[in-house]
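The values are calculated or read from the model by the stated rules, or taken from the named source; none is laboratory data. Please read these numbers as outputs of a predicted model, since none were measured by experiment. All Cβ positions, glycine included, derive from the backbone under ideal geometry; neighbour counts span all protein chains shown.
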Amino acid sequence: MNCFAYGAIALCLIPAAARAQNQAIDDLKGKIFDARMATQTFAGGLKFCHELDGKHFYFQPRDRVLDLDDYHRALDSLVRERTFNPEKRRPWNEQDAAERWEQVKREALQDKANCDLAASLPDLEKQLEELQKATPASDKKN
């Protein structure tokens, strides 16, 4: 190959590298947005992050953390005693308890994810800053 061919290949690679770097910046900005949203929407639960390990969940109405196993036992007790379920306007039954159990298990995992995401915010912002410094000024998008 002659010099012209190598130069053309190099020129083709520069925009591709710039697009890849811009895509990385955009991806980081998306993650930062998600982390900031988690920080805002989960503000009450953030103080309990050290307990939110997937086996506990944040119970917002009482501003406290509940253990999944204890909560499951409480649901079983509500069914056994046929306690009134205000959401369904009838006594608790097995199906109600199973639905609520699945919901709180998902909440426990989501709470852990929210804590992890909020904790990652400083690192994500630092990575973005470093990537933006490494990007030529003409390629930066604001």
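Could you tell me which of the residues Ala43, Ala38, Ala20, Ala16 is among the aliphatic types (A, V, I, L, M), out of contact with any helix residue (DSSP H, G or I) (no Cβ under 7 Å at 6 or more places or on another chain), closer than 30 Å to Ala108 by Cα and at pLDDT 50 or above? Show your work before the answer.
Details: Ala38 fails: out of contact with any helix residue (DSSP H, G or I) (no Cβ under 7 Å at 6 or more places or on another chain); Ala20 fails: closer than 30 Å to Ala108 by Cα; Ala16 fails: closer than 30 Å to Ala108 by Cα.
From the options Ala43, Ala38, Ala20, Ala16, the qualifying one is Ala43.
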- Message: Under 6 Å between Cβ atoms, which residue pairs at least 6 apart in sequence (or on different chains) link something in segment 104-116 that is small (Gly, Ala, Ser) with a partner that is surrounded by 18 or more Cβ atoms within 10 Å (Cβ to Cβ)?
- Response: Ala108/Phe57
- When residues of segment 83-100 are limited to those that are closer than 17 Å to Asp67 by Cα and surrounded by 15 or more Cβ atoms within 10 Å (Cβ to Cβ), the one farthest from the chain's Cα centre (by Cα): Ala97
- Query: Which one is surrounded by the fewest Cβ atoms within 10 Å (Cβ to Cβ) among residues in segment 53-82 that are within 25 Å of the chain's Cα centre (by Cα) and of a type in the set (Ser, Thr, Tyr)?
  - Reply: Tyr71
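Restricting segment 24-60 to residues that are assigned to a helix (DSSP H, G or I) and of a type in the set (Ser, Thr, Tyr), which is nearest to Gln132 (Cα to Cα)? Give the derivation first.
Within segment 24-60, the first condition is being assigned to a helix (DSSP H, G or I), and the residues that meet it are 24-41, 46-48, 60.
This time we only want the ones that are of a type in the set (Ser, Thr, Tyr), so: 39, 41.
On the way: Thr39: 24, Thr41: 28 Å.
The residue in question is Thr39.
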- Message: Suppose we keep only residues that are in contact with a helix residue (DSSP H, G or I) (Cβ under 7 Å, 6 or more places away or on another chain) and either of a type in the set (Val, Ile, Thr) or assigned to a helix (DSSP H, G or I) (or both) within segment 90-105. Which one would you say is farthest from His72 (Cα to Cα)?
- Response: Glu94
